[in-house]
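Just below is one structure, and these are the notes that go with it.
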Amino acid sequence: MKRSPADITESTRRITRRGLILGGTQLAFMGGLALRMRFMQVEEAEKYSLLAEENRINLRLLPPARGLIFDRNGATLAENEQNYRIVLVREDAGDVDDVLARLSRFVALDPDDLEKARKEIFRRSPFVPVTIADRLTWEEFAEVAVNGPALPGVTPEVGFSRVYPLGGDFAHLVGYVGPVSDFDLTRGYLASDEDPLLQIPRFQVGKSGVEARLEHGLRGQAGNKQIEVNAVGRVMRELGRTEGTPGANLQLTVDSMLQNYMQVRLLADTASQSASAALIDIENGDILAVASGPSFDPNKFVRGISNTDYQALQDEQLRPQFSKATQGAYPPGSTFKMVTALAALEDGVIELDETVYCPGFRELGDRKFHCWNRGGHGKVDLITSLEQSCDVYYYDIAERVGIEKISAMARRLGLGQRFDLPITGLHPGLTPTKAWKREHRDEDWLIGDTLNSGIGQGFVLATPLQLAVMAARLATGQAVLPRLVKSVDGVEEPVAAAAPLGLTTSILQEIRRGMFRVVNRRSGTAYSSRIVAEGMEMAGKTGTSQVRNVVVRNEDVPWNQRDHALFVCYAPFDKPRYACSVVVEHGGGGSLVAAPVARDIMLQALYGGKPPLAAYPTAQRGRIQTQQQKLALRDPASFAPGANRL
């Protein structure tokens with residue numbers, strides 16, 4: 001059909017408009033390409049020139065700053081210090097041996113450390129940075145940086161390393177960090193941890209104590225940086241960086257000054273070569289101090305302890321690396337007698353005013369179970385049995401009540417259980433039963449086992465921390481639970497209300513009265529360790545646990561065959577605030593060795609520092625003054641809040 005002139009005109013107009021739109025779009029596209037080409041060729045010419053020389057971009061992890069650890073008053077227990085180090089990436093280095101040889105011209109490298117680093121380089125993936133040397137001086141660090149072009153694959157870095165400003169005071173409690181090992185990753189507590197930070201050689205992780213148990217919170221999260229590396233492996237520049245998330249800061253319940261005093265006082269006497277103690281705030285269960293002596297310097301492990309120093313620690317008879325306060329389990333001796341008494345009284349097998357005759361021994365078949373007083377105590381009731389620590393009284397009532405109820409009462413008072421605390425190696429202790437002996441010894445329970453258990457010997461075991469908890473529960477009648485973490489990143493941890501133990505009030509009051517007389521009556525076994533300050537009187541119980549079957553004088557046997565000395569206490573008697581326990585390994589008698597130490601620690605806590613001489617018995621004040629002058633305590637300024645922070 002023939003088109004009219006009007007149709008032809010309209011069609012031409014439409015085609016022209018579409019052509020203009022299409023042409024404009026093409027022009028805009030070409031203009032954008034031209035601008036982009038100009039930007040790349042002119043403004044970013046240097047960047048793409050370098051890339052043209054076979055540069056490449058690497059992504060590297062940035063270890064986060066480890067969380068800090070403080071005491072209850074803000075004094076620093078664990079912090080981070082600046083650390084200059086050198087790392088090497090094998091795929092960028094080329095000839096590793098040649099690079100290491102060149103590096104040794106600028107930095108003095110120990111041959112053993114160098115060989116370890118070389119093995120690590122070839123054991124790891126080629127793109128993983130391996131630390132060759134750390135803790136460099138600024139001069140060494142600067143010299144390596146200046147000579148970077150001659151050291152392909154080598155990068156000087158500024159990182160952080162852990163430091164413990166109070167040294168051995170908290171070595172057992174806070175613990176220490178060290179380089180992550182294959183054991184940690186395969187069979188240790190990090191075996192299921194997939195954090196890529198753990199693949200960085202010499203990355204520091206918690207090895208013991210709080211550092212290990214709260215590793216994940218303290219570690220933080222990794223950041224990363226993009227770096228540009230040229231064809232010979234030299235780092236040209238940093239293209240971008242994403243900072244990691246620092247680890248959480250922890251505030252513990254411990255008091256640094258009390259801890260230092262406890263650590264020093266434990267070993268102040270010649271008889272106290274190896275000892276431990278624990279101090280608890282009865283009101284909330286806060287662990288104020290828990291010490292084990294002798295101790296060690298955890299900083300040596302962070303920096304890489306030498307074989308000589310490590311072997312010396314391993315060979316030391318007094319086991320400085322072992323936390324005796326939480327890992328050491330000892331027969332509690334006579335400090336256990338309150339447990340046996342409560343079990344018998346609550347079960348109704350004995351009355352409060354009932355007496356037992358003590359001739360100095362208890363016969364069972366053809367065997368005699370001796371009292372510590374071979375002459376005997378005569379007729380004794382509950383109060384007197386505690387005051388004078390009569391063994392025969394407890395042989396008698398233990399046989400009547402039986403081991404099952406004794407052990408049940410022990411667990412009720414905090415023995416035989418592992419508390420939920422961020423401490424490695426917590427020993428659960430042992431409250432034996434008939435079933436336990438059949439399972440672990442393949443033997444039947446004997447009546448003699450019950451008699452031994454009744455005075456805290458035989459199979460019964462407790463840690464100093466558990467004994468302090470026991471004293472706290474006896475003082476309050478409540479299930480006081482120890483706690484160690486006060487706050488995380490400034491947020492207070494909740495304090496659980498202690499549940500009642502459900503013990504008969506009148507019975508518990510008589511137990512406390514007996515413990516009071518142990519310390520404050522002239523005939524009490526700990527009378528010489530009393531506190532005479534009005535309103536601060538202490539209640540406690542001495543204990544001596546045998547480590548051998550043959551009864552001989554401690555002076556006649558080697559140190560490691562002597563009896564352990566123990567003491568548990570709380571104060572003030574009328575309004576209990578603190579509970580304490582002391583165990584002196586092979587120290588001999590609890591009344592002579594452990595009780596004086598516990599009394600001094602308790603006074604330090606009650607007065608918040610050095611107590612006045614008026615708190616001590618008059619006859620002892622001269623000796624105590626001399627002792628106070630000799631104690632090598634830390635300068636109080638070192639415990640000031642934030643005094644050790646970076």
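The values are calculated or read from the model by the stated rules, or taken from the named source; none is laboratory data. Bear in mind the structure is a predicted one, so any value in this text is a computation, not a measurement. For neighbour counting, all protein chains shown are included, and Cβ atoms are generated from backbone atoms with ideal geometry for every residue, glycine included.
Summary table below
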read-out	value
Hits in the range 510-550 (condition: surrounded by 13 or more Cβ atoms within 10 Å (Cβ to Cβ) and farther than 26 Å from T463 by Cβ)	E510, R513, R517, N520, R521, Y527, S528, R530, V532, A533, M536, E537
Positions within the range 418-431 being in contact with a helix residue (DSSP H, G or I) (Cβ under 6 Å, 6 or more places away or on another chain) and at negative phi, in sequence order	P422, T424, T431
Test result for S385, touching a helix residue (DSSP H, G or I) at 6+ places or on another chain (Cβ under 7 Å) and polar (S, T, N, Q)	yes
Qualifying residue in the range 198-206 (condition: among the aromatic types (F, W, Y) and under 28 Å from T242 (Cα atoms))	yes
Residue match in the range 436-453 (condition: in the same structural domain as F336 (by TED's automatic domain parsing), closer than 29 Å to F573 by Cα, crowded, with 20+ Cβ neighbours inside 10 Å and not small (G, A, S))	no
V469 vs. criteria in a helix (DSSP H, G or I) and out of contact with any helix residue (DSSP H, G or I) (no Cβ under 9 Å at 6 or more places or on another chain)	yes
Qualifying residue in the range 289-306 (condition: in contact (Cβ under 8 Å) with a residue 60 or more places away in the chain and basic (K, R))	yes
Residues located in the range 100-129, provided they are more than 27 Å from P196 (Cα to Cα), surrounded by 14 or more Cβ atoms within 10 Å (Cβ to Cβ) and either hydrophobic (A, V, I, L, M, F, W, C) or in contact with a Phe, Trp or Tyr (Cβ under 9 Å, 6 or more places away or on another chain) (or both)	L103, F106, V107, L109
Residues satisfying the stated conditions in the range 428-447, i.e. in contact with a strand residue (DSSP E or B) (Cβ under 9 Å, 6 or more places away or on another chain), farther than 18 Å from A343 by Cα and assigned to a helix (DSSP H, G or I)	W436
Count - residues of the range 569-618 that are assigned to a loop (DSSP other than H, G, I, E, B), buried (at least 22 other Cβ atoms within 10 Å of the Cβ) and under 24 Å from the mean Cα position of the chain (by Cα)	1
Selection from the range 300-356 of residues that are within 30 Å of L474 (Cα to Cα) and among the charged types (D, E, K, R)	K324, K337, E346, D347, E351, D353, E354
The range 492-507 - residue that is under 17 Å from A408 (Cβ atoms) and in contact with a Leu (Cβ under 8 Å, 6 or more places away or on another chain) and, of those, surrounded by the fewest Cβ atoms within 10 Å (Cβ to Cβ)	T504
Residues of the range 178-197 satisfying the condition of being of a type in the set (A, V, I, L, M) and closer than 19 Å to G247 by Cα	V180, L190, L197
Odd one out for L352 among (1) over 25 Å from A471 (Cα atoms); (2) surrounded by fewer than 19 Cβ atoms within 10 Å (Cβ to Cβ); (3) touching an Asp or Glu at 6+ places or on another chain (Cβ under 6 Å)	(1)
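Condition check ((1) outside any loop (DSSP other than H, G, I, E, B); (2) in the same structural domain as R512 (by TED's automatic domain parsing); (3) more than 23 Å from G590 (Cβ to Cβ)) across all residues:
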residue	(1), (2), (3)
L345	yes, yes, yes
D353	no, yes, yes
Y357	yes, yes, yes
R362	yes, yes, no
G375	no, yes, no
K379	yes, yes, yes
T384	yes, yes, no
S389	no, yes, no
V392	yes, yes, no
